[in-house]
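Since every read-out is calculated from the coordinates, none of them should be taken as a lab result. Computed from a predicted model, the values in this text were never measured in an experiment. Glycine also receives a Cβ, built like all others from the backbone with ideal geometry; neighbour counts cover every protein chain displayed.
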Amino acid sequence: MKQVHISTFGCQMNDRDSELIAQVLSAHDYRLTERPEEADLILINTCSIRQKAEEKTYSLLGRLKRLKSRNPGLIIGVGGCVAQQEGDRLLERVPHLDLVFGTRWINELPDLVQTVRQRGRRMAEVALDHPLRYLPSEKAFRPSPIKASVTIMHGCNNYCAYCVVPYVRGPEWSRPPEDIAAEVRRLAAQGVKEVLLLGQNVNSYGAPKGAGGRAFIDLLEQLETIAGLERLRFTTSHPKDLSPDLIACFGRLSKLCEHIHLPFQAGADTVLARMNRGYTRAMYMERIQALRENCPEIAVTSDVMVGFPGESPADFEQTLDLIREIRFDDLFSFRYSDRHPARASGFPDKVPEEEKRRRLAELQALQKGITLARHQAREGTWEQVLVEGTSKKSGGQWSGRTRTNRIVNFPATHLEVGLTVPVFIEKGYAHSLKGRLSPPSGEGRQEDSCCCG
Ligand code: SAH
Ligand code: SF4
Ligand code: F3S
């Protein structure tokens, strides 16, 4: 048996793709190793969303040179979004690299590796019109026995001006709903309690046939009926395609968790228009209001970037203002980074790096206070927690998540991974909640008062 070591950068879709890579290779006599120095094959599944993400690939490749010179039989391959973007250029730039495979070539990996090994030929295979096929997830390759990610779409047609994804993942393609339902049924039968549906823009699942979000709602309704499955989540939603019917699913579908990740990117209309996002600040606010009216408990998280070309101090103030008004549960924030061939890389009025840093620090300090206050507001309440395991970070305590996706740590003696237990929240911290299974003396037992029952 040969050994493969896989390093993964980037988003949840890349994490899921790396599970597939391991699964596909294991059917061809490879087994996973944590130790690159023991591997016969080293693969890097890469991300190119920002310059910094791409640089991680090159610095890892630099460190691997030593292993290759010690073991000439070692094969080094690069897949994912940098591979897709660079193709042959990557082979030219990195002489000790053997294989480059595009984002649609995972199933062919065993053949590609075999060709490199037998013919001693370096190669790149990155055609974007290659047909996609998603193998159903297998237990041995999932990081959790009770949680699983299921990719429902690949690619993106939105062409936000800053974003490289449509170029590296290709046009949108949706998996047939019957394949997804069959996979989720299998997962539930294997003991998976929570499924996360993945796509760059899940709201346009099934488009153009299922335009208006109907195909996605049909899918959610179908998954809702699967016995054994307890929780359903999805990411990412695009504000422009978030329909009233999908908003109404929160609260109507009992398995759909009360959490939405809805990136807003910027608070000023002029910036949103230049970004080609297809919504205004007012439209975004309306959608958040509708979500909260429909399901008051819903947690809202988002993505935002600072320093998009031409973003003025007044535009940035509008971003801060939107954050203050919405009070997100959590926020992922980035400095804008030029990504060729995304259109904004050619826009004038670039914001200096130093100014981007200053804006990001100010924004993150603001959000930190809001997240903490939101966590502290949970003190004294009961939460339904899906138990995920014990965590070193919390000194060996048990750890799990609420339906709103907040991490809860709590002490317990006899527990099982996969159970859902009511936990009394004692303290809110910056990144998690701390609780206990029994109420402090004097406090009556209450049931969780979730809007969606
Ligand atoms: N499909 C998702 C986002 C995918 S990328 C969506 O549409 O929301 C994840 C996040 O990275 C984006 O939401 C954005 O905030 C950030 N991002 C994308 N391109 C970027 C760039 N060129 N510079 C900085 N941040 C970027
Ligand atoms: Fe990128 Fe926009 Fe597509 Fe998201 S919707 S992946 S930000 S182009
Ligand atoms: Fe990165 Fe590709 Fe995901 S660019 S964010 S790994 S789709």
Checklist outcome for this item: In nanometres, the difference between 0.36 nm per residue of separation and the alpha-carbon distance of Gln190 and Ser243 is 15.8 nm
Checklist entry - Rounded, prolate or oblate: which fits segment 382-436 when a ≥ b ≥ c are the square roots of the eigenvalues of the alpha-carbon gyration tensor, with rounded for a/c under 1.5 and prolate only if a/b beats b/c? => result rounded
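Past the 32 Å Cα-Cα mark, which pairs from Lys52/Lys240; Lys2/Lys139; Lys68/Lys368?
Lys68/Lys368
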Checklist outcome for this item: Along segment 159-168, Karplus-curve 3J(HN,Hα) (6.51, -1.76, 1.60; θ = phi - 60°) to the nearest Hz, with x for Gly and Pro, reads 6, 4, 5, 8, 9, 8, 4, x, 7, 9
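Remind me, relative contact order of the chain in percent, using alpha carbon pairs under 8 angstrom and six or more residues apart?
After rounding, I find 10 percent.
To check you understand DSSP bridge types, tell me what percent of the beta bridges within the chain (both residues inside) are antiparallel, rounded to 5.
Once the DSSP bridges in the chain are tallied, antiparallel ones form about 30 percent.
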Checklist entry - How large is ³J(HN,Hα), in whole Hz, for each residue of segment 45-56 in order, when computed from phi with the Karplus curve 6.51 cos²θ - 1.76 cosθ + 1.60 and θ = phi - 60°, using x for Gly and Pro? => result 9, 9, 10, 10, 5, 10, 3, 4, 5, 5, 4, 4
Item to check | Charge sum, other residues only, whose C-beta stays under 13 Å from Leu112's C-beta, Lys/Arg counted +1 and Asp/Glu -1 | outcome: +1
Checklist entry - If R0 is 56 Å, what FRET efficiency do you get for Ala365 and Arg119 from their C-beta distance, rounded to 0.05? => result 0.50
Next on the checklist: With θ taken as phi - 60° and the coefficients 6.51, -1.76 and 1.60, list the Karplus ³J(HN,Hα) couplings across segment 347-363 in order, rounded to whole Hz; mark glycine and proline as x.
Outcome noted: 6, x, 6, 5, 7, x, 3, 4, 5, 4, 4, 5, 5, 5, 4, 5, 5
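Treat the count of other C-beta atoms within 10 Å as a stand-in for reagent exposure and order His154, His96 from fewest to most.
Fewest to most other Cβ atoms nearby, the residues stand as His96, His154.
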Checklist entry - Working out 0.36 nm times the residue gap between Ala273 and Asp303, then minus their Cα-Cα distance, what length gain in nm do you get to one decimal? => result 9.1 nm
Checklist entry - Which aspartates and glutamates have a Cα less than 14 Å from the Cα of Lys193, not counting those fewer than 8 places away in the same chain? => result Glu183, Glu224, Glu230, Glu388, Glu416
Next on the checklist: Taking amide H atoms as placed 1.01 Å from N in the peptide plane, list the residues 5 or more away in sequence, or in a different chain, whose amide H sits under 5 Å from that of Gln397.
Outcome noted: Ser391
Checklist entry - Of all trypsin sites (Lys or Arg not before Pro) in segment 180-209, which ones are in loop regions per DSSP and have a Cβ with at most 11 other Cβ atoms within 10 Å? => result Lys209
Checklist entry - Around His238, which amide H atoms from residues at least 5 apart in sequence, or from another chain, sit under 5 Å from its own amide H, with H modelled in the peptide plane? => result Val202, Asn203
